[in-house]
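Report on one structure; see the data block that follows.
The values are calculated or read from the model by the stated rules, or taken from the named source; none is laboratory data. Quick caveat, the model's predicted, so the values are computed rather than measured. Reconstructed Cβ throughout: ideal geometry from the backbone, glycine too, with neighbour counts over all protein chains shown.
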Amino acid sequence: MPWTDDVYQMPPDLLTGRFDVVFTGCGALCWLPDISRWATIVVSCLKLGGRLLLEEMHPLRAAWTSKVIGSWPRMRTTSSAGRRGCGRRVRSAGPARLAGAADTHMPEKVEFRWPIGDVVTALARAGMRTELLDEYFSPPESADLPSAIVEQLGRFPNDSTLLARKDADPAESSR
């Protein structure tokens, strides 16, 4: 079976409603230009009663910088953080770099910002019912931040978990 890394080009035999669970890991949604189309694909993969488990970075995470004013981390006010589906060009270490290859080419990519409400709405419109939505703080990966900054950041969510269930077959509910 041929495989693709493009969720929008999934092999048809995977879109037959045969899976109990679809998992989407942290940092995946920012690469999707069409959140509604993604939600429809998730529903197509799931059996009736199947679940989506989504672990994702909270949109607020993109709003923080490492700059500090006094004892507070600085929030970006001019970035695309929180703007619906706003594409932002970024440099990315492609798969070859991540695998440790010597290739130093850094291809340009586009990230998209999706507020949590847009994700929940897209899933609901596609036939999913949200069972759990949790927004929480995870300590930053950088050990260079002073503990006072980490404590201040801990007042805001930087990660989220969503669990949703496929309640109806979209073909049945459109009749």
Complete set of residues in region 111-131 that are part of a strand (DSSP E or B) and under 11 Å from the mean Cα position of the chain (by Cα): Glu111, Phe112
Please state which one of Gly17, Gly70, Gly27, Gly49 is surrounded by fewer than 18 Cβ atoms within 10 Å (Cβ to Cβ), in contact with a strand residue (DSSP E or B) (Cβ under 8 Å, 6 or more places away or on another chain) and at pLDDT below 90. Gly27
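Report the residue count in region 16-36 for those that are closer than 14 Å to Gly127 by Cβ and not β-branched (Val, Ile, Thr).
Qualifying residue count for the region: 2.
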Scan region 111-127 and give yes if some residue there is within 18 Å of Leu48 (Cα to Cα), touching an Asp or Glu at 6+ places or on another chain (Cβ under 8 Å) and modelled with pLDDT of 65 or more, otherwise no. yes
